[in-house]
Amino acid sequence: EAAEAAEAEADDGDAPAFLQRAMTLGHSDAIPDAAEGARQAVLSLLRRKGQELKSTMLTSFASRLAEDPFAKVKVLIQELIERLLQEASKESSQKGWCDKATSDAEQKRDYAAQEVTELNTRMSELEAEAGILSGELEILHSEIVGLEASRAEASQERDRESQENHISVEEAEAGASATKLATELLSKFYGTVRKETVILSLNDRGPADDAPDAGFENGEAYVASQSEAGGIIGMLEVILSDFQRTISETNKAEAQAEQDHLAFMTETGKSLAAKNTAKAERDGQLAAVDEARSETSSRLDEETATLRGAVAELLDLKPVCVDTGMTYEDRVGRREEEIKALKVALCILGSYAKGGGAIAEC
């Protein structure tokens, strides 16, 4: 390879042919030419390898060697090899760190993304469940308010109706009592006057005898209108019967209304109790859902923050571990070729130092 580099350099006319210079190494006056030949061979090798590998490091190093004293060339090549080996070691360590850091960040990102997806799904489910429970609670509240209003209205109506019935019964009882008393008084009156008789002698006549006709004969007892007494008493008896029927019907209606009211209150009370129980259950379920929503929301915030942090980590790692212009494998391969070229250059210099022999082995 060194021989090829020298021959290529010779064909380009940039330096004397390597083989021609090797032939003169045995003469003491040819030593400076041999050193220059070695330099040109090394420069040719490094330039060619720099172009093949697109290594600006090799081409710029070759330019530097062209200007430095020959005695310093070997030292510079050895220093560069050591520097490249150190860079390889550091890059290997950095590659391991990059791989681990990237893997950790990707794992954190993927886990957080999965958690965010699951928590968002859970939040949607809880929101839907809360909506259903809120709707049911609204309906139950409306029904409870309606039942309570109906019960209050029924109780108020029952009290009003009971009071009216009580007044009706009291008035009917008072009327019946008065009618009964009037009937008894009239019956006693007509029964008494019917038996009355008045005996008057002619000597007892006076100026009143000349008064207008009173409807009964002078000296005749007043027995009232016995012919109409039966009608009056009969009418009173009918009135009394009406009062008694009113009392009976009103009491009967009151008892039935009270029974119906009790049945209504019992039925609505059961319904109200059931709805209050259902409402308490829904309130408890909604409270549990709200608590779960709060916990899920907190976890979602945490996982979202974790996800953003992981993405930020990967973005920070990208310029250091990804966007380096070349893949790690390409950089390693090129560095190995650069080191190999530099070692060949050392071999060429070593061969010249031994008199120019064994150049083909380089």
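Need the failing condition index for Ile139 against (1) free of Cβ contacts under 8 Å to residues at least 40 places away in the same chain; (2) over 30 Å from the mean Cα position of the chain (by Cα); (3) surrounded by 11 or more Cβ atoms within 10 Å (Cβ to Cβ), just the number.
If we test Ile139 against (1) free of Cβ contacts under 8 Å to residues at least 40 places away in the same chain; (2) over 30 Å from the mean Cα position of the chain (by Cα); (3) surrounded by 11 or more Cβ atoms within 10 Å (Cβ to Cβ), just (2) comes out false.
Which members of region 81-108 meet the condition of being open to solvent by less than 80 Å² (accessible area, probe 1.4 Å) and among the charged types (D, E, K, R)?
Glu87, Glu91, Lys95, Asp99, Asp104, Glu106
Which one is nearest to the chain's Cα centre (by Cα) among residues in region 243-278 that are among the charged types (D, E, K, R) and open to solvent by 60 Å² or more (accessible area, probe 1.4 Å)? So that I can check it myself, show each step before the final result.
So the first thing to find is which residues in region 243-278 are among the charged types (D, E, K, R), and the list is 245, 249, 252, 254, 258, 260, 267, 270, 275.
After this cut, where a residue has to be open to solvent by 60 Å² or more (accessible area, probe 1.4 Å) as well, the list is 245, 249, 252, 258, 260, 267, 270.
Values: Arg245: 71, Glu249: 65, Lys252: 62, Glu258: 52, Asp260: 50, Glu267: 40, Lys270: 36 Å.
Filtering first and then ranking leaves Lys270.
The values are calculated or read from the model by the stated rules, or taken from the named source; none is laboratory data. Since the model is a prediction, treat every value here as computed from it, not as a measurement. All Cβ positions, glycine included, derive from the backbone under ideal geometry; neighbour counts span all protein chains shown. Protein only, heavy atoms only, side chains kept; ligands, DNA and RNA dropped before computing areas. Shrake-Rupley method; radii C 1.70, N 1.55, O 1.52, S 1.80 Å.
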